[in-house]
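So the structure is just underneath, and the comments pick up after that.
The values are calculated or read from the model by the stated rules, or taken from the named source; none is laboratory data. Keep in mind that this is a model prediction, so the values were computed, not measured. Please note: Cβ atoms are built from the backbone with ideal geometry, for glycine as well, and neighbour counts cover all protein chains shown. Ligands, DNA and RNA are stripped out before the accessible areas are found, and what is left, the full protein with its side chains, is counted by its heavy atoms. Shrake-Rupley method; radii C 1.70, N 1.55, O 1.52, S 1.80 Å.
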Amino acid sequence: MNLPNKLTILRVCMIPFFIFFLYANAIPGNDYIALVIFVLASLTDMLDGQIARKRNLVTNFGKFMDPLADKLLVCSALICLLTLGRISDNSILASVVVIVIIAREFIISGFRLVASDNGVVIAASYWGKFKTVSQMIAIILMIANISVLSIVTTAFVWISVALTIISLIDYIVKNKSVMGGQM
């Protein structure tokens, strides 16, 4: 297993620790520990792709597992932040944000599964990468929970929702041929 793939696996392994510290209110500074873990996990996403491309270590495993690791990290964080009431003051609106983002991830995963059955690996698009970065920034801001940045946090939440929808449309349009006669 090459270094980029090890970083991807590391990102997945960091998720339980992130969740533990996010909820561990009895531990002083738990939010900061969770924040550091999330930032480090997010950085492994950037590093694994850069290393894979620079050293020509791109693999089908990496093309499949890297986006899956991102989905697991982001969806876990959003579900936790939803239960902690940090996505929005309006619980219905917060739920809609999380549902839209997670629904997109399921749709793309389904698309990738069908593509895989047809012998095609769908790599992440630039829209998908922008979406992931915006979601990670929004999550970092929500974990930090700094009241003076509430407007910035809200803006990043909405930017990430918009990019989630745009990237979904982009994937469907660019890869509709993968579905063959199924669409």
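What to note about this one:
- Test result for residue 70, part of a helix (DSSP H, G or I), acidic (Asp, Glu) and crowded, with 21+ Cβ neighbours inside 10 Å: yes
- Residue within region 56-69 that is closer than 28 Å to residue 1 by Cβ and in contact with a Phe, Trp or Tyr (Cβ under 8 Å, 6 or more places away or on another chain) present: no
- Residue 6 vs. criteria basic (Lys, Arg) and under 17 Å from residue 124 (Cα atoms): no
- For region 115-131, the criterion of a residue being open to solvent by 50 Å² or more (accessible area, probe 1.4 Å) and modelled with pLDDT of 95 or more is satisfied by no position.
- Matching residues in region 86-129 - criterion: being in a helix (DSSP H, G or I) and free of Cβ contacts under 8 Å to residues at least 12 places away in the same chain: 91, 92, 93, 96, 99, 103, 106, 110, 113, 117, 126, 129
- Checking residue 112 against (1) open to solvent by less than 30 Å² (accessible area, probe 1.4 Å); (2) out of contact with any Pro (no Cβ under 8 Å at 6 or more places or on another chain), the condition it does not meet: (2)
- Any chance residue 166 is open to solvent by 20 Å² or more (accessible area, probe 1.4 Å), assigned to a helix (DSSP H, G or I) and closer than 27 Å to residue 10 by Cα: no
- Here residue 175 fulfils each of the conditions (1) within 23 Å of residue 41 (Cα to Cα); (2) surrounded by 14 or more Cβ atoms within 10 Å (Cβ to Cβ) apart from (1).
- Residue match in region 56-67 (condition: surrounded by 21 or more Cβ atoms within 10 Å (Cβ to Cβ) and either not small (Gly, Ala, Ser) or not in a helix (DSSP H, G or I) (or both)): yes
- Taking (1) over 21 Å from residue 42 (Cα atoms); (2) touching a residue at least 40 places away in the same chain (Cβ under 8 Å); (3) open to solvent by 20 Å² or more (accessible area, probe 1.4 Å); (4) within 21 Å of the chain's Cα centre (by Cα) in turn, residue 140 satisfies each apart from (1).
- Scanning region 1-51 for residues that are within 16 Å of residue 61 (Cβ to Cβ), under 15 Å from the mean Cα position of the chain (by Cα), open to solvent by 20 Å² or more (accessible area, probe 1.4 Å) and β-branched (Val, Ile, Thr) yields 9, 12.
- Selection of first residues in region 146-163 that are closer than 15 Å to residue 74 by Cβ and open to solvent by less than 50 Å² (accessible area, probe 1.4 Å) and of second residues that are of a type in the set (A, V, I, L, M, F, W, C) and not in a helix (DSSP H, G or I), restricted to Cβ pairs under 8 Å at least 6 apart or on distinct chains, gives the following pairs, ordered by first then second residue: 157/87.
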